[in-house]
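The values are calculated or read from the model by the stated rules, or taken from the named source; none is laboratory data. In this text, all values refer to a predicted model and were calculated from it rather than measured experimentally. Cβ: placed from backbone, ideal geometry, glycine included. Neighbour counts: every protein chain shown.
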Amino acid sequence: MMAYQIKRKCSFGHDIRGCKMALHEEPHMRIHVVAFAIVLLLAFALKIEMFSLFVLPLCYGLVCVVEMINSALEATFDALCTDHNPYIGKAKDMAAGAVLVAALNAVTIGLIIFGNRIGEVL
């Protein structure tokens with residue numbers, strides 16, 4: 001039982017290290033954090049309803065998860081192949097495209113939530 005707990009604790013340490021790495025080494029991740037902070041401040045200032053306050057972090061979380069997967073794939077591909085490889089290029093482009101889709105989805109949902117509330121306030 002004790003060995004299981006030690007393994008879980010070590011695993012959690014790797015998780016935290018991965019999140020820290022993403023924040024410190026990936027410029028786009030820092031952009032996402034700043035954007036989410038602005039979104040949260042705006043949401044509280046506009047007194048956004050509770051359901052929307054639940055949806056906004058889900059959108060942010062999705063963008064961050066996809067960004068971290070994209071970064072992990074890029075790092076893996078760069079370590080495996082230093083020469084140009086069109087298949088790796090295709091995979092990297094598709095992973096970056098997935099980040100774009102997730103971010104556009106978050107922006108669209110944000111515009112719907114904030115647009116409705118701004119319309120009510122005015």
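Return the total of residues in the stretch 1-19 being aromatic (Phe, Trp, Tyr) and either touching an Asp or Glu at 6+ places or on another chain (Cβ under 8 Å) or at pLDDT below 75 (or both).
Residues of the stretch 1-19 that are aromatic (Phe, Trp, Tyr), as a first pass: 4, 12.
Among the residues that remain, those that are also either touching an Asp or Glu at 6+ places or on another chain (Cβ under 8 Å) or at pLDDT below 75 (or both) are: 4.
Qualifying residue count, the stretch 1-19: 1.
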> Pick from Phe51, Phe77, Phe12, Phe44: which is aromatic (Phe, Trp, Tyr) and surrounded by 14 or more Cβ atoms within 10 Å (Cβ to Cβ)?
Replying inline: Phe77
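Restricting attention to the stretch 79-94, report how many residues are under 21 Å from the mean Cα position of the chain (by Cα) and under 18 Å from Glu25 (Cα atoms).
Of the stretch 79-94, the ones under 21 Å from the mean Cα position of the chain (by Cα) are 91-94.
With under 18 Å from Glu25 (Cα atoms) added as a condition, the list becomes 92.
Qualifying residue count, the stretch 79-94: 1.
Quick one: would you say Pro57 is loosely packed, with under 12 Cβ neighbours inside 10 Å, of a type outside the set (Phe, Trp, Tyr) and at negative phi?
Working: loosely packed, with under 12 Cβ neighbours inside 10 Å: no; of a type outside the set (Phe, Trp, Tyr): yes; at negative phi: yes.
When the stated conditions are applied, Pro57 does not pass them.
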> Which condition does Phe36 not pass, out of (1) over 28 Å from Gly97 (Cβ atoms); (2) within 14 Å of the chain's Cα centre (by Cα), if it passes all the others?
Replying inline: (1)
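Determine, yes or no, whether Val39 is touching a residue at least 24 places away in the same chain (Cβ under 8 Å), crowded, with 16+ Cβ neighbours inside 10 Å and closer than 22 Å to Leu122 by Cα. Step through it out loud before you land on a result.
On the way: touching a residue at least 24 places away in the same chain (Cβ under 8 Å): yes; crowded, with 16+ Cβ neighbours inside 10 Å: yes; closer than 22 Å to Leu122 by Cα: yes.
So Val39 passes the test.
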